[in-house]
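Peer 1: Please see the structure below; I have some questions.
The values are calculated or read from the model by the stated rules, or taken from the named source; none is laboratory data. Everything numeric in this text was worked out from a predicted model, so none of it was measured. We place every Cβ from the backbone using ideal geometry, glycine too, and count neighbours over all the protein chains shown. Accessible surface is based on the protein model in full, side chains and every heavy atom, while ligands, DNA and RNA are left aside. Shrake-Rupley method; radii C 1.70, N 1.55, O 1.52, S 1.80 Å.
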Amino acid sequence: MERIKSKKHPEQLIFSLLRIEDIQDIRTDLSPDEEYIQVSGRKMSAGFVVPPHRHTHLKRSTDLTQEAWVILQGKVLATFYDLDDSFLCERVINPGDVVVFYRGGHALTVLEDDTIFYEFKSGPYFGLEKDKVKINA
C-alpha cells in the first residue's frame, strides 16, 4: 500500500493506493481511523463469514468530501494535486486497484477504451457548483 502526504503540509494525507496484487488475507486498512471515508481490502477464502450485524447511529459531521475509485476494467491515469493546487504526482490505476482521495485535488485520464470503475464519495451531494473548484493545471 502507498500513502502519499502533502509536500506543503506533511502531516496531511492526500491519497492511499492499494494494488490488487498487494491485497492479503489480513485486512488492510487504506484509511487511517480519523478519516471520514473508511476503505479496506482483504483476500478471503471460501467459508469465511462476517457475522450478521448493523451499524449504530452515530452523529458525524464533516466539511470535507473524500472519494475512492475502484477500477474494474481498463486503466486510468490519476493526477494528484497538493493542498495549494500544485502538481504532486501521477499514478496509473489498474483493474482491481483502489485509490482513496482524502484532500488536495485530482484529475482522471482514461487510458483504455471500455474502462469501468466505481466511484464512492462522502455525501450528501449539493451539486456541481457547491461541490467542486476547478484547478488551473
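Peer 1: Which of the residues belonging to region 34-62 are free of Cβ contacts under 8 Å to residues at least 40 places away in the same chain and under 24 Å from G105 (Cβ atoms)? Write out each step before concluding.
Peer 2: First, the residues of region 34-62 that are free of Cβ contacts under 8 Å to residues at least 40 places away in the same chain: 34, 38, 40, 42-61.
Hits for region 34-62 are E34, Q38, R60, S61.
Peer 1: Now, a different point. Considering only residues that are touching a strand residue (DSSP E or B) at 6+ places or on another chain (Cβ under 8 Å) and open to solvent by 30 Å² or more (accessible area, probe 1.4 Å), look in region 84-96 and name the one that is farthest from K8 (Cα to Cα). Break it down stepwise before answering.
Peer 2: Filtering region 84-96 down to residues touching a strand residue (DSSP E or B) at 6+ places or on another chain (Cβ under 8 Å) leaves 85, 87-96.
Checking the rest, the ones that are also open to solvent by 30 Å² or more (accessible area, probe 1.4 Å) come to 85, 87, 90-92, 94-95.
Values: D85: 10, F87: 11, E90: 17, R91: 20, V92: 23, N94: 28, P95: 31 Å.
Result: P95.
Peer 1: Next up: Quickly run through region 20-51 and pick out the residues that are among the acidic types (D, E) and either more than 19 Å from K5 (Cβ to Cβ) or surrounded by 10 or more Cβ atoms within 10 Å (Cβ to Cβ) (or both). Spell out the reasoning first.
Peer 2: Taking region 20-51 as the starting set, the residues that turn out to be among the acidic types (D, E) are 21-22, 25, 29, 33-35.
Of everything in region 20-51, those that are among the acidic types (D, E) and either more than 19 Å from K5 (Cβ to Cβ) or surrounded by 10 or more Cβ atoms within 10 Å (Cβ to Cβ) (or both) turn out to be E21, D22, D25, D29, E35.
Peer 1: For region 110-135, give me the residue count where each residue is part of a loop (DSSP other than H, G, I, E, B) and closer than 25 Å to V92 by Cβ.
Peer 2: Our first condition is that a residue be part of a loop (DSSP other than H, G, I, E, B); within region 110-135, this holds for 111-115, 122-127, 132-135.
Okay, now just the ones that are also closer than 25 Å to V92 by Cβ, so 111-115, 132, 134-135.
Total meeting the criteria: 8.
Peer 1: While we're here: Among the residues of region 1-19, write down those that are open to solvent by 50 Å² or more (accessible area, probe 1.4 Å) and either farther than 20 Å from V70 by Cα or of a type in the set (S, T, N, Q) (or both).
Peer 2: Residues satisfying the conditions are K5, K7, K8, H9, P10, E11, Q12.
Peer 1: Can you work out which of the residues in region 97-109 that are small (G, A, S) and outside any loop (DSSP other than H, G, I, E, B) is most open to solvent (accessible area, probe 1.4 Å)?
Peer 2: Quick first cut of region 97-109, residues small (G, A, S) only: 104-105, 107.
Among the residues that remain, those that are also outside any loop (DSSP other than H, G, I, E, B) are: 105, 107.
Details: G105: 9, A107: 36 Å².
In this case the residue turns out to be A107.
Peer 1: Which condition from (1) assigned to a loop (DSSP other than H, G, I, E, B); (2) farther than 25 Å from D131 by Cα; (3) free of Cβ contacts under 8 Å to residues at least 60 places away in the same chain is the one that L72 breaks?
Peer 2: Result: L72 fails condition (1) only.
Peer 1: Right, another one. Tally time: how many residues in region 110-135 are touching a residue at least 24 places away in the same chain (Cβ under 8 Å), open to solvent by 70 Å² or more (accessible area, probe 1.4 Å) and hydroxyl-bearing (S, T, Y)?
Peer 2: Residues in region 110-135 being touching a residue at least 24 places away in the same chain (Cβ under 8 Å), open to solvent by 70 Å² or more (accessible area, probe 1.4 Å) and hydroxyl-bearing (S, T, Y): 1 in total.
Peer 1: Let me ask something else about it. Filter region 52-83 down to the residues that are over 21 Å from I37 (Cα atoms) and open to solvent by less than 80 Å² (accessible area, probe 1.4 Å) and list them by number. Before the answer, list the steps.
Peer 2: Step one: list which residues in region 52-83 are over 21 Å from I37 (Cα atoms), which gives 52, 73-77.
Across region 52-83, the qualifying residues are G74, K75, V76, L77.
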